[in-house]
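Read the structure below first, then the notes.
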Amino acid sequence: MNPTRIYAIILRFLYLLRKNLDRWAEVFVFPLVNLMLWGMTSTFFTSIAPAQSHAVFGSPVFVLATVTGIIFWEILYRVQMEIPMDTLEELWNKSLLNFFCSPLRFSEWIAGFLCLGLIKITITAAVASSFAFLLYQVKIFVYGFYLIPFLLSLLLCGWWLGFFVAGLILRYGTSFQAFAWTLGVILAPFSAIYYPVSILPHWAQAISRLLPTSYIFEGMRGVIQTGQLDWTKLATSVSISFVYLVFATLFLKMNFKKRLERGLLSLE
Amino acid sequence: MPILSISNLTKKFPARFVAVDNISFCLNEGEILGLLGPNGAGKTTTLQMLLGVLTPTSGEINYFGKNFFNSREEILEQVNFSSTYVGLPELLTVKENLTFISYLYKISDRKKRLEKIIDIFNLTELLNVKFGRLSAGQKTRVGLAKAMLNFPRVLLLDEPTASLDPDVAQYIREFLETQRQEFNVSIIITSHNMSEVEEICDRVIFINHGKLIADDTPQNLARSIEVAHITLLAYNPTGLLSYCAQSNLPHHADGKYITVDVSEKSIAQFLQSLAETGIAYSEISIAKPSLEDYFLQTVQTKP
């Protein structure tokens, strides 16, 4: 692995981020809209049933859990979109060949995306948690190190989801581009973002148990409600994510190889 | 030893369509090689395989005496390409594009090299313009600048002068010639501009239906066509046209001028026949066969 070539991948997308309004909307507008929408909703429910919502660190627990859920969800959604969107960006510009006709290795291309995921998670977490504080005085990092393991598990989730969709795009081209922004949404109802898995119908619970996201969001709520980290949930989410990440990486690699058999130039 | 050698290269696509059929050729150091053929002949497929973005079904590619598939990274550090079919990120400026690509190739004296390339391709005024806003000709220039960033020993160019104004195209041809003379760069070029290929290529590979049809100098290929084009301004065009029809000579009229295709060996005999038949003319020009004639004849006669 060559760090200079990985830096080239990162640099290319940092240049893009600087001047692409769509990318800034992803970072600022959508988290803000979601925070306003769901944060206000939870504030309203708290006001009509105050007895059901005790305060944690000065915020009603219902508001805190909802707002933290939104922030975590935004982080996952933005990270998982990064990889397929960056791949699509090259396809739309017909510029993917510039990378693979260069000495860049496939693993370096992947490593570039992993670094971009880290950058995205940092920016999104900072922006969304700042909005949460400004709008609702919710300080999610009062839980300190307890939430960080779940954030890292979210990062793994974002990577494997992103690799899976990027694999589909490399194989089938832009006809699969809609997956870049819909796959995360499809998984959302089963991820227990705002509610526990137990209230889902049985068939949905079965799906939910296969998703590391459900353990992350339940674990996150557990930290908020009890102040205790559920190591089992954390370990389960990381294990499932890790297994899925291995499969998604192999899927991406396999589809890239398949694409090379048909020619990278014909990919559109 | 050739700088690039291709042996028995074949590409079959899943629908059993053979795009490249067992071709072998080589590229010598400092040579400019033209890769010619009609649309769909297999030129771009061949270039894709030479760049490692299309897996061959069989065959071998060796750069600098090393197997391409075993030493991909080391080889691609010394190879580059430019193609009309490949763009650069449109929202990035010219400078940003050249900068991030310079990191892909790990260019050591990056700043100096960028300055030189910007100067050579006269890109100073375009540096802060987004690639997507450039004209087709400007994009081609930037594409060529990108292709020269890593001091390539082998340069693969797909239609490098397409969409360029004639003066810029001429400048690019001169630039390629200079690169070859000064740095011994070896170049493979595809082009539909036959006079350009005749002007700059030392050798031409002709591909049709995936098969290698010819491998020779442009001059020899043109010479292999025996037909010359005789253009006449006749006093009695109708008489000339009927003479051509009776003698089964291919011909076509362009205004007052009539062009007759005659075997090079029969030119004297043809002119003598015209004199004997009493067909007089005020102007005559005889065009020797060109690479374009070779191209047209080969495409029309070899399925």
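The values are calculated or read from the model by the stated rules, or taken from the named source; none is laboratory data. In this text the structure is predicted, and so the values were computed from the model without any measurement. Here the Cβ positions follow ideal geometry from the backbone for every residue, glycine too, while neighbour counts run over all protein chains shown. We work out accessible area using only protein heavy atoms, side chains counted, and drop any ligands, DNA or RNA first. Shrake-Rupley method; radii C 1.70, N 1.55, O 1.52, S 1.80 Å.
Some points to look at:
- Test result for residue A:137, under 26 Å from residue A:66 (Cβ atoms), away from chain B (no Cβ under 14 Å) and either open to solvent by less than 10 Å² (accessible area, probe 1.4 Å) or over 14 Å from the mean Cα position of the chain (by Cα) (or both): yes
- When residue A:237 is tested against (1) under 18 Å from the mean Cα position of the chain (by Cα); (2) closer than 29 Å to residue A:101 by Cβ; (3) of a type outside the set (Phe, Trp, Tyr), exactly one condition is not met: (2).
- Single residue of A:153, A:241, A:208 found to be at pLDDT 90 or above and within 17 Å of residue A:75 (Cα to Cα): A:241
- When the criteria are applied in full, residue B:269 meets the requirement of being over 34 Å from the mean Cα position of the chain (by Cα) and assigned to a helix (DSSP H, G or I).
- Selection over region A:87-127 of residues that are assigned to a helix (DSSP H, G or I), under 22 Å from residue B:86 (Cα atoms) and either free of Cβ contacts under 8 Å to residues at least 40 places away in the same chain or within 14 Å of chain B (Cβ to nearest Cβ) (or both) gives a count of 15.
- Positions within region A:194-214 being touching a residue at least 40 places away in the same chain (Cβ under 8 Å) and either surrounded by 24 or more Cβ atoms within 10 Å (Cβ to Cβ) or assigned to a helix (DSSP H, G or I) (or both), in sequence order: A:212, A:213
- Residue in region B:13-20 that is of a type in the set (D, E, K, R), surrounded by fewer than 22 Cβ atoms within 10 Å (Cβ to Cβ), outside any strand (DSSP E or B) and modelled with pLDDT under 90 present: yes
- Conditions (1) at pLDDT 80 or above; (2) open to solvent by 10 Å² or more (accessible area, probe 1.4 Å); (3) outside any loop (DSSP other than H, G, I, E, B); (4) within 14 Å of chain B (Cβ to nearest Cβ); number of the one not met by residue A:29: (4)
- A search for C-beta distances below 9 Å between a residue of region A:63-79 that is under 21 Å from residue A:115 (Cβ atoms) and in a helix (DSSP H, G or I) and any residue that is at pLDDT below 85 and among the basic types (Lys, Arg), counting only pairs 6+ apart in sequence or on different chains, returns A:75/A:120; A:78/A:120; A:79/A:120.
- Put simply, of B:247, B:242, B:224 the only residue that is without any contact (Cβ under 8 Å) to a residue 24 or more places away in the chain and not basic (Lys, Arg) is B:242.
- Filter result for the condition that a residue is open to solvent by less than 70 Å² (accessible area, probe 1.4 Å) and either hydroxyl-bearing (Ser, Thr, Tyr) or closer than 30 Å to residue B:20 by Cβ (or both), over A:187, A:229, A:252, A:234: A:252
- One residue from A:151, A:170 being open to solvent by less than 50 Å² (accessible area, probe 1.4 Å) and either part of a loop (DSSP other than H, G, I, E, B) or touching a Ser or Thr at 6+ places or on another chain (Cβ under 8 Å) (or both): A:170
- Residue in region B:173-194 that is β-branched (Val, Ile, Thr), open to solvent by 30 Å² or more (accessible area, probe 1.4 Å) and within 26 Å of residue B:110 (Cα to Cα) present: yes
- Residues of region B:41-55 include at least one that is away from chain A (no Cβ under 14 Å) and either surrounded by fewer than 21 Cβ atoms within 10 Å (Cβ to Cβ) or farther than 25 Å from residue B:141 by Cα (or both).
- Test: residue in region A:185-195 that is more than 14 Å from every other protein chain (Cβ to nearest Cβ) and over 26 Å from residue A:64 (Cα atoms): no
- Only one of the numbered conditions (1) at pLDDT below 85; (2) over 14 Å from the mean Cα position of the chain (by Cα); (3) open to solvent by 50 Å² or more (accessible area, probe 1.4 Å) is violated by residue A:181, and that is (2).
- Contact map, region B:107-122: first residue surrounded by 12 or more Cβ atoms within 10 Å (Cβ to Cβ), second residue part of a loop (DSSP other than H, G, I, E, B) and aromatic (Phe, Trp, Tyr), Cβ cut-off under 8 Å, separation 6 or more or different chains; pairs are B:113/B:151.
- In region B:61-84, residue farthest from the other protein chains (Cβ to nearest Cβ) [restricted to those that are surrounded by 20 or more Cβ atoms within 10 Å (Cβ to Cβ) and more than 11 Å from residue B:5 (Cβ to Cβ)]: B:82
- Scanning region B:251-267 for residues that are loosely packed, with under 13 Cβ neighbours inside 10 Å and among the acidic types (Asp, Glu) yields a count of 1.
- Here region B:151-168 is the region considered, the condition is being assigned to a loop (DSSP other than H, G, I, E, B) and at pLDDT below 90, and the residue that is farthest from the other protein chains (Cβ to nearest Cβ) is B:165.
- Lone qualifier among B:7, B:58 - being surrounded by fewer than 15 Cβ atoms within 10 Å (Cβ to Cβ), under 22 Å from residue B:209 (Cβ atoms) and within 14 Å of another protein chain (Cβ to nearest Cβ): B:58
- Of all residues in region B:279-300 being in a strand (DSSP E or B) and closer than 17 Å to residue B:265 by Cα, the one that is least open to solvent (accessible area, probe 1.4 Å): B:287
Residues are listed down the side, and each one gets a yes or a no for (1) closer than 26 Å to residue A:61 by Cα; (2) among the polar types (S, T, N, Q):
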| position | (1), (2) |
| --- | --- |
| A:191 | yes, yes |
| A:207 | no, no |
| A:213 | yes, yes |
| A:221 | yes, no |
